[in-house]
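The structure appears right after this line, and notes come after that.
No value in this document is a laboratory result; all are computed from the given coordinates. These figures come from a predicted structure and were not determined experimentally. Note: ideal-geometry Cβ built from the backbone for every residue, glycine included; neighbour counts use all protein chains shown.
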Amino acid sequence: MSEPTTNLINGLPADCKIPAHVAIIMDGNGRWAEQRGLNRIEGHFEGRKAARRVVEACGELGIPVLSLYAFSVQNWQRPGPEVEGLIGLIETALREELDALVTNDVRFIASGRRAELPESLRRILDEVEEDTADNQGLILNLLVNYGGRTEIIDAARALAQEVAAGDISPADIDEQLFAEHLYAPELPDPDLIIRPGGEMRLSNFLLWEIAYAELVVMPVLWPDFTAAHLIAAIKEYNTRQRRFGRVPASDDQ
Ligand code: FPP
């Protein structure tokens with residue numbers, strides 16, 4: 001038997017399965033800053049650089065979809081300056097990265113309760129979505145003012161309105177119809193969730209969509225996350241046997 005070949009560029013085996021959708025909980029910015037005696041917002045600034053590295057790496061690895069958890073509905077409860085800093089950082093990053101997203105064929109979408117965001121951020125989210133709508137490369141799904149439970153509630157409300165209007169009956173509601181009312185129904189469910197920062201929890205992240213996702217928790221703090229960590233997570237993902245509730249079959253991956 002011949003040795004498995006390795007892709008020399010990314011260190012992944014040639015027969016490695018690339019997940020169709022990688023979703024990342026970008027955790028550990030605050031600890032990274034505190035360890036250095038810096039303000040927490042400095043950690044978020046470094047976290048932005050890590051996000052850029054990972055977007056580039058996903059493009060190079062041919063990962064079709066990347067979701068990044070940038071601001072949760074719970075994050076409003078943080079101290080005012082941190083909230084303002086984070087919202088401002090997301091807005092600035094999008095303004096500064098718009099050209100690079102267009103040039104690199106990245107299609108940008110934002111998921112979350114947009115109506116509750118400041119108008120200037122709403123406008124840039126709309127602008128980046130419109131300007132990248134025809135791009136064919138990586139889909140970057142940025143979760144802003146996002147909550148998994150809120151997303152499920154919003155889908156339930158939309159369906160309830162359709163029932164009330166007489167457009168559908170309650171019996172029409174199945175998993176497929178429900179999923180069609182989530183924020184980004186065109187995306188495949190995540191295959192791989194990566195949580196840097198070491199915490200073993202899901203923090204209200206894509207609760208419906210991750211029903212069968214593989215979770216990889218890594219001790220590295222998000223600002224220190226590099227392409228090498230992404231590759232390590234994909235290698236770990238390749239060791240998992242995914243069964244989707246079925247019994248293992250010899251050729252089951
Ligand atoms: C969690 O770390 C991180 C966040 C709440 C914000 C993440 C946002 C970014 C990195 C901005 C990225 C922007 C773009 C446009 C991609 P934490 O503060 O909870 O860290 P801790 O657990 O160490 O306190």
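The mean sequence separation of alpha-carbon pairs under 8 Å and at least six residues apart, normalised by the residue count of the chain, gives a relative contact order of 25 percent. Shape summary: the chain maps onto an equivalent ellipsoid whose semi-axes, from the alpha-carbon gyration tensor, are 28, 27, 18 Å in decreasing order.
Amide H contacts of LEU192 (H built 1.01 Å from N, in plane; Pro and chain starts excluded): HIS21, ALA23, GLU214 sit under 5 Å, all sequence-distant by 5 or more or on other chains.
Label separation (GLU96 vs GLU199): 2.5 nm, computed from points 7 Å beyond Cα along the C-beta direction. Selection among LEU230, VAL22, LEU61 by position relative to the dipole of the chain gives LEU230 as farthest towards the positive end (Cβ unit charges, Cα centre). Residues whose amide H comes within less than 5 Å of that of SER111, counting only those at least five positions distant or on another chain, are LEU142, LEU143, VAL144 (H built at 1.01 Å from N in the peptide plane). Dipole size of the stretch 132-253 about its Cα centre, with +1 on Lys/Arg Cβ and -1 on Asp/Glu Cβ: approximately 600 debye, rounded to the nearest 20.
Normalised by 2.2 N^0.38 Å, where N is the number of residues, the alpha-carbon radius of gyration of the stretch 1-112 equals 1.29. Loop-located chymotrypsin sites (Phe, Trp or Tyr not before Pro) in the stretch 158-240 (DSSP state not H, G, I, E or B) with no more than 13 neighbouring Cβ atoms inside 10 Å: TYR212.
Against the empirical 2.2 N^0.38 Å (N residues), the stretch 151-248 has a Cα radius of gyration ratio of 1.39.
Compactness of the stretch 146-192, taken as the C-alpha radius of gyration over 2.2 N^0.38 Å, stands at 1.21. Placing a label point 7 Å from the Cα of ARG157 along the Cα-to-Cβ direction, the residues of the stretch 101-119 with a backbone N closer than 14 Å are 112-117. Residues considered: GLY80, GLY198, GLY137. Largest GNM mean-square fluctuation over the chain, using C-alpha springs under 10 Å, is found at GLY80. Note that the stretch 66-77 has calculated 3J(HN,Hα) couplings of 10, 10, 10, 8, 9, 7, 8, 4, 7, 5, 4, 7 Hz, one per residue in order, obtained from phi through the Karplus relation 6.51 cos²θ - 1.76 cosθ + 1.60 (θ = phi - 60°); glycine and proline are x. Highest mobility in the GNM of the chain, judged by mean-square fluctuation with C-alpha springs under 10 Å and restricted to GLY47, GLY59, GLY11, is found for GLY11. Converting phi to 3J(HN,Hα) with the Karplus coefficients 6.51, -1.76 and 1.60 and the offset θ = phi - 60°, the stretch 36-53 yields 9, x, 9, 5, 4, 5, 4, x, 5, 4, 5, x, 4, 5, 5, 4, 5, 4 Hz in sequence order, with x at every glycine or proline.
State which stretch of the chain is the longest one without any exposed GluC sites (Glu not before Pro), exposure meaning a DSSP loop state and at most 13 other Cβ atoms within 10 Å. Of all site-free stretches, the longest is 1-179. Extending 7 Å from Cα along the Cβ direction at LYS49 and again at ALA164 yields two label points whose distance is 5.0 nm. Under Stokes-Einstein, with the Kirkwood radius over Cα pairs as Rh, the value for the stretch 94-206 at 10 °C and 1.306 mPa s is 99 µm²/s. Summarising the label geometry, the points placed 7 Å from Cα in the beta-carbon direction at THR226 and SER120 lie 3.5 nm from one another.
Put simply, the amide H of ASP27, placed in the peptide plane, has neighbours under 5 Å in TRP222, leaving out anything fewer than 5 places away on its chain.
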